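Working notes, structure below.
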Ligand SMILES: [Zn+2]
């Protein structure tokens, strides 16, 4: 990738940030995004607002995750490193505090692997079979990294950090952002379909194990 490729990725990162912020998927300075480069990683700066990122001030890290240029990186850099190191095919990682996915992260028990049922095909296709719930850690706690690495080592493309929010990887920046958006929509559906008197609100129909298998076989798991 030449300088043009990196410049285009910086622009794309800022455009996705603006879009996520405009739709309320990130508020204030919540959320951060990383993109793998041939010679390192681009990362949103610490205390930056996804709605107002400046391509020239994006943090650049070397392959050892040392800060090279731009503003200082997010203090959640180790969360991104856990994914990028455990999933060599991942080109980008998106972490949000999006409302519905975070609500599920407050309801689900740490260790659970399917806190959102397979309600729709696009959730299965984008997020996959499992969504492990990683125990709660204070943001920036180094102990979070091995916990995420352990969860992703079993093949997960996304995790929910208990009482914190989702972390999602993708082959490309677009893939990772779209998967994070699909996860938020699936969480919203799961919450909409919860509860209520059984007679008025029968349990939602999920995709069957055979339908999930068919999607993962056809579109890759
Ligand atoms: Zn966070």
Could you tell me which numbered condition residue 186 fails, if it satisfies all but one of (1) more than 16 Å from the ligand (Cβ to nearest atom); (2) touching a residue at least 12 places away in the same chain (Cβ under 8 Å); (3) part of a loop (DSSP other than H, G, I, E, B)? (3)
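Return yes when residue 180 is in contact (Cβ under 8 Å) with a residue 60 or more places away in the chain, within 16 Å of the ligand (Cβ to nearest atom), in contact with a strand residue (DSSP E or B) (Cβ under 7 Å, 6 or more places away or on another chain) and closer than 26 Å to residue 37 by Cα and no when it is not. If you could, list the steps in order and put the result at the bottom.
Values: in contact (Cβ under 8 Å) with a residue 60 or more places away in the chain: yes; within 16 Å of the ligand (Cβ to nearest atom): yes; in contact with a strand residue (DSSP E or B) (Cβ under 7 Å, 6 or more places away or on another chain): yes; closer than 26 Å to residue 37 by Cα: yes.
Yes, satisfied.
Out of all the residues in the range 87-102, which are surrounded by fewer than 22 Cβ atoms within 10 Å (Cβ to Cβ) and either at pLDDT 95 or above or not in a loop (DSSP other than H, G, I, E, B) (or both)? Lay out the reasoning, then the answer.
Step one: list which residues in the range 87-102 are surrounded by fewer than 22 Cβ atoms within 10 Å (Cβ to Cβ), which gives 87-89, 91, 97, 99-100, 102.
Result: 91, 97, 99, 100, 102.
Can you find a residue that is within 20 Å of residue 44 (Cα to Cα), more than 14 Å from the chain's Cα centre (by Cα) and crowded, with 21+ Cβ neighbours inside 10 Å anywhere in the range 142-157? Step through it out loud before you land on a result.
Filtering the range 142-157 down to residues within 20 Å of residue 44 (Cα to Cα) leaves 142, 144-145, 148.
Going one step further and asking which of them are more than 14 Å from the chain's Cα centre (by Cα), we end up with 142, 144-145.
Of the ones still in play, those that are also crowded, with 21+ Cβ neighbours inside 10 Å are 144.
Yes: the range 142-157 contains one or more residues that are within 20 Å of residue 44 (Cα to Cα), more than 14 Å from the chain's Cα centre (by Cα) and crowded, with 21+ Cβ neighbours inside 10 Å.
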Out of all the residues in the range 192-209, is one or more outside any loop (DSSP other than H, G, I, E, B), modelled with pLDDT of 90 or more and touching a helix residue (DSSP H, G or I) at 6+ places or on another chain (Cβ under 7 Å)? no
Single condition residue 167 does not satisfy, out of (1) within 12 Å of the ligand (Cβ to nearest atom); (2) outside any strand (DSSP E or B); (3) under 18 Å from residue 88 (Cβ atoms): (2)
Being in contact (Cβ under 8 Å) with a residue 12 or more places away in the chain, within 13 Å of the ligand (Cβ to nearest atom) and either more than 18 Å from residue 159 (Cβ to Cβ) or over 15 Å from the mean Cα position of the chain (by Cα) (or both), is that true of even one residue in the range 75-85? yes
Where residue 105 falls short, out of the listed (1) in a helix (DSSP H, G or I); (2) more than 13 Å from the ligand (Cβ to nearest atom); (3) closer than 22 Å to residue 170 by Cβ: (2)
Testing residue 48 on (1) within 12 Å of the ligand (Cβ to nearest atom); (2) assigned to a loop (DSSP other than H, G, I, E, B); (3) crowded, with 22+ Cβ neighbours inside 10 Å, one condition comes back false. Which one is that? (1)
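Output the residue which, of all residues in the range 108-133 that are out of contact with any strand residue (DSSP E or B) (no Cβ under 6 Å at 6 or more places or on another chain) and not in a loop (DSSP other than H, G, I, E, B), is farthest from residue 207 (Cα to Cα).
Step by step, filter the range 108-133, then rank; the result is 126.
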Restricting the range 5-31 to residues that are within 16 Å of the ligand (Cβ to nearest atom) and in contact with a helix residue (DSSP H, G or I) (Cβ under 7 Å, 6 or more places away or on another chain), the one farthest from residue 94 (Cα to Cα) turns out to be 21
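The values are calculated or read from the model by the stated rules, or taken from the named source; none is laboratory data. Since this is a predicted model, take the numbers as computed values, not measurements. Cβ sites come from the backbone with ideal geometry, for glycine too, and all protein chains shown count toward neighbours.
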